Ligand code: NAP
């Protein structure tokens, strides 16, 4: 049986692993079979993580975090957790390929998943003109006309990045003011290839084998119009990834895992949670890392008390 299993490999998971490993807990970190490193693997330049004054590429930052966690004895497993059972004092974790594991404590740091618009054709044309990741798919839209949906920091970042490839990038936002921070807004406003379409929602998607356009509905007067597009990037936020623990841990009204005050203690003794999965508000790499620190310290105290 393990001391502690950490589920998730974003900044929260790796930071928890660094602390737990340095506390000689020999943590097992289950990182995902498809892509270890979490959301920052889909990001380009990270400019606001302390310690990197010139900025750092998201994947490089995550590789460094993994290296640092491994250096102190973290075992990183590239597999998916398919089921957890937190009903007893021994926590059980099933994986897709590597069998079952048991631990006295679990740190749950599964982050959040891209939100979908919720249209039937969105799924059908996913990877055929519709994408959630500009760094992954931007290259396919050289000299094309594309749109980014959303008004937050991610949408501005994606839109600005995509102007490297596309001739024209519309930003479709449901209101007439952005949620994004001032610096990200200013960067997008200053970019000649970006045109904002305000007060509009995507209510229809067309295209036989690949996306060829969307229907926009005006959120003020309800009128509709068609917009021809070669590509669309959906950047409307994230939802906490909690499907594994439904019914086993209490959630907040916002859908994040409920924790006790500023701690990482969940409603189940011995299970701790950290990062975006508990945070409906800040959701930064630096806050997730701090949250992972808290979880490792809480888990360490808990294990010492057993
Ligand atoms: P976000 O801040 O939650 O913004 C989501 C955007 O999508 C909002 O503009 C929202 O509109 C819109 N939206 C939500 N649901 C929608 C729907 N169903 N249909 C149409 N539009 C919808 O999410 P985010 O931009 O992904 O950012 C998440 C967090 O990461 C934030 O804390 C952000 O600051 C951070 N982040 C930081 C950086 C950076 O600093 N470099 C980069 C990326 C992300 P409303 O505005 O009307 O609600």
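The values are calculated or read from the model by the stated rules, or taken from the named source; none is laboratory data. Note that this is a predicted model, so its numbers are computed, not measured. Using ideal geometry, Cβ is built from the backbone for each residue, glycine included, and neighbour counts are taken over all protein chains shown.
Some observations on this one:
- As a summary of the residue check, residue 222 satisfies the conditions (1) more than 27 Å from the chain's Cα centre (by Cα); (2) assigned by TED's automatic domain parsing to the domain that holds residue 47 except for the one numbered (2).
- Filter result for residue 107 (within 21 Å of the chain's Cα centre (by Cα), touching a residue at least 40 places away in the same chain (Cβ under 8 Å) and in a strand (DSSP E or B)): yes
- Output for region 210-251, where each listed residue is surrounded by 16 or more Cβ atoms within 10 Å (Cβ to Cβ), closer than 17 Å to residue 127 by Cα and touching a residue at least 60 places away in the same chain (Cβ under 8 Å): 211, 214, 229, 230, 231, 232, 233, 234, 235
- Among the residues making up region 220-262, those that are within 17 Å of residue 170 (Cα to Cα) and in a loop (DSSP other than H, G, I, E, B) are 229, 230, 235, 236.
Each row is one residue, and each column tells you yes or no for (1) in a helix (DSSP H, G or I); (2) surrounded by 23 or more Cβ atoms within 10 Å (Cβ to Cβ); (3) modelled with pLDDT of 95 or more.
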residue: 117; (1), (2), (3): no, no, yes
residue: 146; (1), (2), (3): no, yes, yes
residue: 156; (1), (2), (3): yes, yes, yes
residue: 164; (1), (2), (3): no, no, yes
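- Count of region 172-213 residues which are more than 24 Å from residue 226 (Cβ to Cβ), part of a loop (DSSP other than H, G, I, E, B) and within 10 Å of the ligand (Cβ to nearest atom): 5
- Summed over region 263-301, residues that are assigned to a helix (DSSP H, G or I) and buried (at least 19 other Cβ atoms within 10 Å of the Cβ) total 15.
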